[in-house]
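The values are calculated or read from the model by the stated rules, or taken from the named source; none is laboratory data. Bear in mind the structure is a predicted one, so any value in this text is a computation, not a measurement. Cβ atoms come from the backbone with ideal geometry, glycine included; neighbour counts cover every protein chain shown.
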Amino acid sequence: KNEVEQSPQNLTAQEGEFITINCSYSVGISALHWLQQHPGGGIVSLFMLSSGKKKHGRLIATINIQEKHSSLHITASHPRDSAVYICAALSNINNDMRFGAGTRLTVKP
Amino acid sequence: SAVISQKPSRDICQRGTSLTIQCQVDSQVTMMFWYRQQPGQSLTLIATANQGSEATYESGFVIDKFPISRPNLTFSTLTVSNMSPEDSSIYLCSVVSGGAFFGQGTRLTVV
């Protein structure tokens, strides 16, 4: 079993839909990251969470430390949101990252 | 926070050659990590590079193939040596400094 599990693996949505991507982890963490990987491979850090909820524009990330679960929400999705979204747990043991397999999101106009 | 400049962003290389990837950080950080993402796979840790000591490699990665330099607290390089098409991947550096911060990634294609 992977230490970081993401779901769904693939997601197709119509423009304007509300999107949720889920992440569960089994390791002890000091922080959890949500990353966006563009089709060209470039990676952008969206959020770093250690508790609660963060919002940036149409993106919202939440984390429940007790349940070891985090979600990334996209409101009013747009085709430019099409990318791979990766959940990454920063281990509190040796500070390396454990990555989920990623969720490939396609938003159709 | 930390801002990382990773270069090159992409390259196409001939098999048998080597490519050196650089990461420059805008602040001094102790811990730096190098990751690889093979096509269709998640990111995997190659090695941990701490300044002043030899890099620590994960199982399946060896220094002869992926030599790493860490000459100071703001800079590191990863070299992919004697490349083959199987080395075609995205390579990513990351630092931990009050959280994790990432380079932009290097997309390597070996032909």
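Among B:VAL29, B:VAL95, which is part of a loop (DSSP other than H, G, I, E, B), at pLDDT below 95, β-branched (Val, Ile, Thr) and under 18 Å from A:LEU90 (Cα atoms)? Walk me through it before giving the result.
Numbers: B:VAL95 fails: part of a loop (DSSP other than H, G, I, E, B).
Result of the check over B:VAL29, B:VAL95: B:VAL29.
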| message | Can you tell me which condition A:GLU15 does not meet? The list is (1) surrounded by fewer than 20 Cβ atoms within 10 Å (Cβ to Cβ); (2) within 14 Å of chain B (Cβ to nearest Cβ); (3) at pLDDT 90 or above, and all the others hold. | response | (2)
| query | Quick check: is even one residue across segment B:42-51 under 29 Å from A:VAL84 (Cα atoms), in a loop (DSSP other than H, G, I, E, B), at pLDDT below 90 and within 14 Å of another protein chain (Cβ to nearest Cβ)? | reply | yes
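For segment A:68-86, give me each residue that is away from every other protein chain (no Cβ under 11 Å) and either within 24 Å of B:CYS93 (Cβ to Cβ) or charged (D, E, K, R) (or both). Before you say what the answer is, go through the steps one by one.
Keep residues of segment A:68-86 that are away from every other protein chain (no Cβ under 11 Å), which gives A:68-83, A:85.
Within segment A:68-86, A:LYS68, A:SER70, A:LEU72, A:ARG80, A:ASP81, A:ALA83, A:TYR85 meet the criteria.
Do the conditions hold for A:ALA89, that is, is it facing another protein chain (nearest Cβ under 10 Å), of a type in the set (Gly, Ala, Ser) and touching a strand residue (DSSP E or B) at 6+ places or on another chain (Cβ under 8 Å)? Reasoning before the result, please.
Numbers: facing another protein chain (nearest Cβ under 10 Å): yes; of a type in the set (Gly, Ala, Ser): yes; touching a strand residue (DSSP E or B) at 6+ places or on another chain (Cβ under 8 Å): yes.
Against the criterion (facing another protein chain (nearest Cβ under 10 Å), of a type in the set (Gly, Ala, Ser) and touching a strand residue (DSSP E or B) at 6+ places or on another chain (Cβ under 8 Å)), A:ALA89 qualifies.
In segment B:57-78, which residues are assigned to a strand (DSSP E or B) and surrounded by 14 or more Cβ atoms within 10 Å (Cβ to Cβ)?
B:TYR57, B:ILE68, B:SER69, B:ARG70, B:PHE75, B:SER76, B:THR77, B:LEU78
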| task | Identify the residue in segment A:20-63 that is more than 14 Å from chain B (Cβ to nearest Cβ) and among the β-branched types (Val, Ile, Thr) and, among all such residues, is surrounded by the fewest Cβ atoms within 10 Å (Cβ to Cβ). | result | A:THR20
